[in-house]
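Please treat every number below as a calculation from the coordinates, not as lab data. For clarity, every value in this text was computed on a predicted model and none was experimentally measured. FYI the Cβ positions are ideal-geometry reconstructions off the backbone, even for glycines, and counts take in every protein chain you see.
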Amino acid sequence: MKTIEDFNFKNKKALIRVDFNVPLNNNFEVTDATRIEAAKPTIKKILEDGGSVVLMSHLGRPKGVEAAYSLKHIVEKVTEVLGIQVKFIADCVGEKVTEAVNNLQNGEILLLENLRFYKEETAGDEGFSKQLANNGDIYVNDAFGTAHRAHASTTIVAKYFSEHKCFGSLLAKEIESIDKVLNNSEKPVLAILGGAKVSSKITVIENILDKVDHLIIGGGMTFTFVKAQGGSVGDSICEDDKMELALEILEKAAAKNVQIHLPVDVLAADDFSNDANTQVVDVTQIPDGWQGLDAGPKSQHIFDEVVNSCKTILWNGPLGVFELETFSKGTIALGNSIDRVTKNGAFSLVGGGDSVAAVKQFGFADKVSYVSTGGGAMLETLEGKNLPGIDAILS
Ligand code: AMP
């Protein structure tokens, strides 16, 4: 695996695919600069070597050129975070861009305009990719969030650099962390899959059964499993058409010696709201008119013991409707358990879908070993898929 550490960038122009798809407020100010911060180590190393940097990214989902999605809005923030005045050019290919790239001196940074102003970007157009490739001597991919897309800037562009391509330090860290969980893990390995639906996680569950010793299934997915085994789930979220699949998963897990842990009790509510009436009930005996919205205290205790017994932990998805305070306790308790074992030397990785939101909201981001930056890319990796953006650097 080639990373920026394998290159000396002196007198070289690095074309870096970053993920600067950051949130903006109504005044077009960046409200969360995490992704910009995350790209800093790669940019710093290249400049310190004596090279220059050309940054390319997408922002939002513009339909053609739309001023609201211009990367000019983030120039000030990128400059502030990197501590160097960043130059901006209002295009990402063409004569003016070539001129700006040619004029770029060692130690300087040029930010290109939103790649998605061209439909050729998401189409993975060859000609467009070739034009992008003219903007640098070495291609660096540091955007895990788009690594599952075979877009021009994430994948196709790499083929014009033959040996001169590598992973940025952020993407390298993502790959190493996932590898530490899925392939080179210290046993016992635990995966915690929460969230809303079995249907959106089914491929992950099936793939992960070959990698883990324990699997905690929580959140809304619980009820499809409970009902499939004959329990009463009341008005809880449940996918009846996935019940057979749930039973198959339980059988496969048993055959592979994977221990599955489902909640045994839940906090049930008579309404999907913070001030609903609530009661703790057995997960198999939820009355009609009530829905399970969080893991109950007994479940929290059992999950704590499972977490305690494991050396490698992967966490994807909340154990309850964490957005509502009343139903956030199970997710918080789990975060505390993971925090404790991480302090004791376990490796913990959080990522995929919305998991990161829950982890950030409750202040766990600094307490786990690694928080993945790519929702969809992480899920596809957990599903066992090869990501085109990663393959393009490896090939
Ligand atoms: P996902 O994107 O699949 O990880 O799902 C996250 C969503 O699952 C969050 O918005 C939670 O509110 C929701 N969720 C978790 N537990 C439950 C539950 N018991 N009932 C309904 N929704 C849930």
Taking max minus min of the Cα coordinates of the chain on each principal axis, largest first, gives extents in Å of 70, 43, 38
Test of understanding: ordering Leu267, Leu132 by Cβ neighbours within 10 Å, fewest first, what list do you get? Leu267, Leu132
Normalised per residue, the volume inside the convex hull of the alpha-carbon atoms of segment 185-382 in Å³ amounts to 99 Å³
Have a look at Phe28, Phe303, Phe161 and tell me which one the Gaussian network model of the chain (Cα, springs below 10 Å) gives the largest fluctuation. Phe28
Say each of Asp275 and Arg340 gets a label point 7 Å from the Cα, pointing the same way as Cα to Cβ; how far apart are those two points in nm? 3.5 nm
Amide N proximity, segment 146-174 versus Glu48 label position 7 Å along Cα-to-Cβ, cut-off under 16 Å: 168-170
With +1 on each Lys and Arg Cβ and -1 on each Asp and Glu Cβ, how big is the dipole of the chain about its Cα centre, in debye rounded to the nearest 20? 1160 debye
Apply the Karplus parameterisation 6.51 cos²θ - 1.76 cosθ + 1.60, with θ equal to phi minus 60°, to every residue of segment 175-186 and state each ³J(HN,Hα) to the nearest whole Hz, in sequence, with x for glycine and proline. 5, 5, 5, 5, 4, 5, 8, 8, 10, 10, 8, 8
Under 10 Å from the Cβ of Met221, count the other residues' Cβ atoms, weight Lys and Arg +1, Asp and Glu -1, and hand me the total. +2
Fewest to most neighbouring Cβ within 10 Å: what's the order for Thr331, Thr98? Thr98, Thr331
Tell me, how many Å apart are the Cα centres for segment 160-212 and for segment 217-281? 25 Å
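Can you give the % of DSSP beta bridges in the chain that are antiparallel, to the nearest 5?
Working: 10 of 49 bridges.
Roughly 20 percent of the DSSP beta bridges within the chain come out antiparallel.
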Computed P(r) (all Cα pairs; segment 203-303; 5 Å bins; percent): 3, 14, 23, 22, 18, 11, 5, 2, 0
Interchain or sequence-distant (5+) residues whose placed amide H lies within less than 5 Å of the amide H of Asp265 are Val283, Gly296, Ser299
Summing -39500 (n - 2.57) over the DSSP H runs of n ≥ 4 in the chain and dividing by its residue number, what mean residue ellipticity at 222 nm do you reach, to the nearest 500 deg cm²/dmol? -10500 deg cm²/dmol
Could you point to the residue in Ala90, Ile74, Leu267 farthest towards the positive end of the chain's charge dipole, with +1 and -1 charges on the Cβ of Lys/Arg and Asp/Glu respectively? Ala90
Once the Cα gyration tensor of segment 53-197 is diagonalised, semi-axes √(5λ) in Å: 30, 18, 17
Connecting every pair of Cα atoms under 10 Å apart in the chain and solving the GNM, the largest mean-square fluctuation among Ile178, Ile249, Ile338 falls on Ile249
From fewest to most C-beta neighbours within 10 Å, the residues Ser337, Ser162 line up as Ser162, Ser337
